[in-house]
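To start, the structure under review is shown below, and the notes come after it.
The values are calculated or read from the model by the stated rules, or taken from the named source; none is laboratory data. These numbers come from a predicted model, not from an experiment. Please note: Cβ atoms are built from the backbone with ideal geometry, for glycine as well, and neighbour counts cover all protein chains shown.
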Amino acid sequence: MKTVLSDYWMKAIGVAVILLASSSGCSAGTEKSSESAVAVAKANYSLDFEKFNACINLLDKQKLIEDLIDWERLLELAKANKTHFMSALLAELEDIDNDTRPLLEGLAIGAGYDALSDFETDGNAVFQAIAILTFQYSNEKIYSEIAAAGDAGRKLWVASDEYGEIAALIYSVPESLLMSVEPLYDQLVIDRGSLAPSSSPILAEYYSYMAFMPDVNALWSSNTTADWSAATQSFDPAKPVTSTLDFLAEFHPLEFDYISQGVSSVGFESIEDWAAVGDRLVIGMLIVGVERKNPGKLTEILATSVAEMESSKPGHVSQHKVILSFDDIEWAFFSKNYERYQEIVTQSP
């Protein structure tokens, strides 16, 4: 099941994710943050995502938050209240207009909640889970160390100035909550690629490239007259996307213009920048695909030196250099997102 949130709320969650990702450790926070996370765990928390989404959609129809809080203020709230964002947001609405409380209560009850406070708890929980998922993906090694720590180690992590707040969340928020929120998180970072969190800028660019792939796929699927035979003459295995740009500009100018204008929607300044990121992504996914079919092949490829490649396959030396330039974070990204990438590549419009 894919839960679809409104455009406004996808942006709001994206804002929070960006801010969570902007500080690698999610530095030590307030007692309120930790207590909120512990309360969630003690309650054996179970998120009813459909109910939460129903309330979000009712709020969106009212345009209550959109009309009363501008994006600059939303950024301030998200930055100052990373683990109890919904509480801060609802409190801000009441400060602006005291009459909003009865309306908010009515919307929550209309969505199936017993009270507004239950929706508030769900909202805080969603952002706490997003904080953990963001940290887990952006700092996988440190996350693993925190999660695997024993009792003594956990106390040290929670007391850490740099990782205290996120450690408290990791130890407090139940796995069931993370599993409930993960589909939304995946939807966010794929469908809103330019909002993708990352400690490595290239990962956000990979997500952005993938976010625009369905548009490009639909464009070519609808163009039954496209002839790619001429593109093979200038194809460069080290630049599989970039090497097609001249071909596109000459033989398919309308499609070239469409892509040129569209890439800005996912954060690229030019089609050339988009293509350069695509070059690395396509090669990385190609090699992961080879590894999936032939386990151990990746290790063999990485063990092959450039000199050996020059002797055996001189035409692939430039591509091999790209393969050797990938770091562990990029390989983890390719592996994690391989199935999703293949799904986008093969999907029909």
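Going by the structure shown, is Ser270 outside the structural domain of Tyr143 (by TED's automatic domain parsing) and either farther than 16 Å from Ser208 by Cα or touching a Leu at 6+ places or on another chain (Cβ under 9 Å) (or both)? Show your work before the answer.
Working: outside the structural domain of Tyr143 (by TED's automatic domain parsing): yes; either farther than 16 Å from Ser208 by Cα or touching a Leu at 6+ places or on another chain (Cβ under 9 Å) (or both): no.
It is false that Ser270 is outside the structural domain of Tyr143 (by TED's automatic domain parsing) and either farther than 16 Å from Ser208 by Cα or touching a Leu at 6+ places or on another chain (Cβ under 9 Å) (or both).
Which residues, counting only those in segment 135-161, are within 23 Å of the chain's Cα centre (by Cα) and either in a loop (DSSP other than H, G, I, E, B) or in the same structural domain as Lys336 (by TED's automatic domain parsing) (or both)?
Asn139
Report, by residue number, each residue of segment 146-174 that is surrounded by 14 or more Cβ atoms within 10 Å (Cβ to Cβ) and among the acidic types (Asp, Glu).
Of everything in segment 146-174, those that are surrounded by 14 or more Cβ atoms within 10 Å (Cβ to Cβ) and among the acidic types (Asp, Glu) turn out to be Glu162, Glu165.
Might you check whether a residue that is surrounded by 20 or more Cβ atoms within 10 Å (Cβ to Cβ), outside any helix (DSSP H, G or I), touching a Cys at 6+ places or on another chain (Cβ under 9 Å) and not hydrophobic (A, V, I, L, M, F, W, C) occurs anywhere in segment 84-95?
no
Residues to consider are Ser312, Ser318; find the one that is among the hydroxyl-bearing types (Ser, Thr, Tyr), over 27 Å from Glu339 (Cα atoms) and in the same structural domain as Tyr341 (by TED's automatic domain parsing).
Ser312
Any idea which of Thr100, Thr83, Thr121 is among the polar types (S, T, N, Q) and more than 24 Å from Pro174 (Cβ to Cβ)?
Within the list Thr100, Thr83, Thr121, the selection yields Thr100.
Working carefully through the options Ser229, Ser234, Ser208, Ser221, find the one that is exposed (fewer than 15 other Cβ atoms within 10 Å of the Cβ), of a type in the set (Gly, Ala, Ser) and modelled with pLDDT of 70 or more.
Ser234
Can you name every one of the helices (runs of 4 or more DSSP H) wholly within segment 252-319 that holds 3 or more residues which are farther than 21 Å from Val241 by Cα and without any contact (Cβ under 8 Å) to a residue 12 or more places away in the chain?
Ranges flagged: 297-303, 306-312.
Just one of Ile190, Ile202 is of a type outside the set (Ser, Thr, Tyr), modelled with pLDDT of 75 or more and part of a helix (DSSP H, G or I); which is it?
Working: Ile190 fails: modelled with pLDDT of 75 or more.
Going through Ile190, Ile202 in turn, the sole match is Ile202.
Residue check: is Ser243 within 27 Å of Trp331 (Cβ to Cβ), free of Cβ contacts under 8 Å to residues at least 40 places away in the same chain, in a helix (DSSP H, G or I) and not acidic (Asp, Glu)?
Details: within 27 Å of Trp331 (Cβ to Cβ): yes; free of Cβ contacts under 8 Å to residues at least 40 places away in the same chain: yes; in a helix (DSSP H, G or I): yes; not acidic (Asp, Glu): yes.
Yes: the conditions hold for Ser243.
Would you call Ala276 modelled with pLDDT of 90 or more and within 27 Å of the chain's Cα centre (by Cα)? Lay out the reasoning, then the answer.
On the way: modelled with pLDDT of 90 or more: yes; within 27 Å of the chain's Cα centre (by Cα): yes.
Yes; evaluated as a whole, the condition is true for this residue.
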